[in-house]
1. Just checking, does the stretch 453-460 include any residue being surrounded by fewer than 19 Cβ atoms within 10 Å (Cβ to Cβ) and not in a helix (DSSP H, G or I)?
2. Filter the stretch 127-145 for residues that are over 24 Å from Tyr352 (Cα atoms) and open to solvent by 60 Å² or more (accessible area, probe 1.4 Å) and give the result.
3. Could we say that Gly322 is in contact (Cβ under 8 Å) with a residue 24 or more places away in the chain and closer than 20 Å to Ala267 by Cα here?
4. When you scan the stretch 573-584, do you find a residue that is open to solvent by 20 Å² or more (accessible area, probe 1.4 Å), over 25 Å from Pro443 (Cα atoms) and either part of a loop (DSSP other than H, G, I, E, B) or at pLDDT 85 or above (or both), even just one?
5. Can you report the number of residues in the stretch 426-449 which are touching a Gly at 6+ places or on another chain (Cβ under 8 Å) and open to solvent by less than 60 Å² (accessible area, probe 1.4 Å)?
6. What number of residues in the stretch 493-532 are assigned to a helix (DSSP H, G or I) and surrounded by 18 or more Cβ atoms within 10 Å (Cβ to Cβ)?
7. Just for the stretch 624-642: of the residues that are surrounded by 18 or more Cβ atoms within 10 Å (Cβ to Cβ) and part of a strand (DSSP E or B), which one is nearest to the chain's Cα centre (by Cα)?
8. Filter the stretch 461-492 down to the residues that are over 26 Å from Val624 (Cβ atoms) and open to solvent by less than 30 Å² (accessible area, probe 1.4 Å) and list them by number.
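The values are calculated or read from the model by the stated rules, or taken from the named source; none is laboratory data. All of these numbers come straight from a predicted model, not from anything done at the bench. Methodologically, a virtual Cβ is constructed for each residue, glycine included, from the backbone with ideal geometry; neighbour enumeration extends over all protein chains shown. Each accessible area value is taken on the protein alone, full model and side chains, heavy atoms only, with ligands, DNA and RNA left out. Shrake-Rupley method; radii C 1.70, N 1.55, O 1.52, S 1.80 Å.
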Amino acid sequence: MSTTQIPLLPPDLAAESARTWDAADGHGPAIPEELVPPTTATVAERAAAMRRRHLLRERRAAEFVADTMSSTKGLPIAQPRQVVRFIGRLLGERKPWVVAVVLGNALAAVAALLVPWWLGRLVDSTVADVAAGRTDAALATANSVALLVAGIVVLQALLVFAAKSASAVLGQGILASAREYVVRAILRLPLSRVETASSGDLVTRVTRDVGTMSESVRWALPQVIVAGTTVVATLVAMIANSWLLALPSLVLLSISLVQVRRYLLRAPKGYLTEGATYSRINTHLTETVEGARTVEALRIGPERLGVGDDDIEVSAQAERYGLTLRNLLFLVMDLAFSLPRVLVLAVGAVAYTQGWATIGQITTAVLYTEALWGPFDMLVHTIDNMQVGIASTTRLLGIATVPPDRETGEDEPVDSALVGRDLRYAYRPGHDVLHGIDLSLEPGERLAIVGPSGSGKSTLGRLLSGIHGPRTGSVTVGGVELTTLPLDHLRREVALVTQEHHVFIGTVRDNIVLVREGSDDAQVEEALRAVGAWHWVSRLPDGLDSRIGSGSQELTPGQAQQVALARLILADPHTIVLDEATSLIDPRTARSLEGSMNALLSERTVVAIAHRLHTAHDADRIAVVIDGRIVELGSHDELVALEGEYAALWRAWTT
């Protein structure tokens, strides 16, 4: 017996669903076959394959950065010049401390370089005195130089302490400003853009990237100034001692700078790609953990593990690219670090026999060579660490490049009438979820919006509260387009409370007054009483001063939602959109809470989106939304008498 299967989704949506499904057996291999090392090959073939893999990883990194730069979805990354301007601005705001760091380290480097200089002069003086039979003079000179060197070492220690103190102040100040800038940028993000980005990307940016940037700003940036100043001062001293003996170090330094430049041109793209793979891992891991019950119910655990394995493999390829770049860099650096010692001695021997240099100059040159390559090696390693920090900073500054989703105007609403005309909205181009909705609310009216899940109720609520702008049509309050009002002004006109809520770490008072700074305890208590929360707040150990949130007094979902509603009461907008705002409170408590709010909300326009139909029963009008259209609009009695969609919902609810 055959059965006919009826498709649950239209063909285009079904294809899109299949494309975005992450089951392990639903897509090709996570990485191209070319990135898999050969199992059997000669040494030459393995070397050639290794080079091909490196070039392919380089191309993948470049393509990722290019795609991210041009993408209009998710969160972008900033241009390199924006990072340079950002760092320059941070340093420019602290010019005295920058000067103190550079000057302090320059003086410390000069003090350190005086020691080899005097030791070289001591060698020449001792050789001359011993050759002339002036042993006592040689000993006296040695004692004098020893005292001088001791004084220089003490002075250098004091200068290093002062320079490091200035570096710490500079680094912490830059870190504080950078973090404040990032937080402001995050808070300015349009909600519509946030919703198109993966949660893992945003979490990675505000955790790993902020931490990496912090480390670079606090440690790497001052260290670059320290090491760079020391290298420059040492090169000047080497040339002043003997340009011939400085030549080996200068040549090898120039050769190593070629590889350093090559590395700096390629590393940022590699580190940006690494950061993106970490975001992908976090996104899929978060989805799996949050949907653990669904994963278990559908028995797709192996598929989700496969997704995680694929993510790790992609991340490993990105990390291998960066590791190869670092290995090539450090190979050249190790050669450049080791050869100068031998070359200086070889050139010195020839120069001494030809009378071009003295033993003292050779001694000083060898000591300067040791003094040069230590800071230079530290400089390169620090720059490598800074590349990671710059990549993270690029991702963080990318948040600030997201354009606003609205342009504010100067017009002021003349009244509180809320009107929506020809409202259409699409989360994906070509797929509207609202279809030409017209809706007008009188001041003080209560409108309930009901309908099945996925019908567009919440989307309509977001348009009516100014969270999103419609694709076509307009939503106005007092004749002014909602999306042209400044956000602080908008929230005094219309406020949205959803089933999602957040409790900030702080006191109960802090969590309430953040919507209206300067509110006194009486106003806070009144708001809490209005939502039925004062009875449990008053029983907390410190009342309004009790700390709540993560790591402190944990609130139940219902209590947290009451805190969110109390904020709404204190904000005092004339229009309130409640998107299933009491969904996490048990029905009895929700009914009591809504009843206690009636008197407070009596003079406000209220749009309530809920599945509990007693809310609709109490409303002045009810809008029934089906498939993005208002199919019924009227009072409870009118719609029940109509025997349509609402009547069916009401019978199902009351039966």
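1. Yes - at least one qualifying residue is present in the stretch 453-460.
2. Across the stretch 127-145, the qualifying residues are Asp136, Leu139, Asn143, Ser144.
3. In short, yes.
4. yes
5. Going through the stretch 426-449 one residue at a time, the tally reaches 9.
6. Matching residues across the stretch 493-532 total 11.
7. Going through the qualifying residues, I end up with Val625.
8. Gly478, Val480, Thr483, Leu485, His489, Leu490
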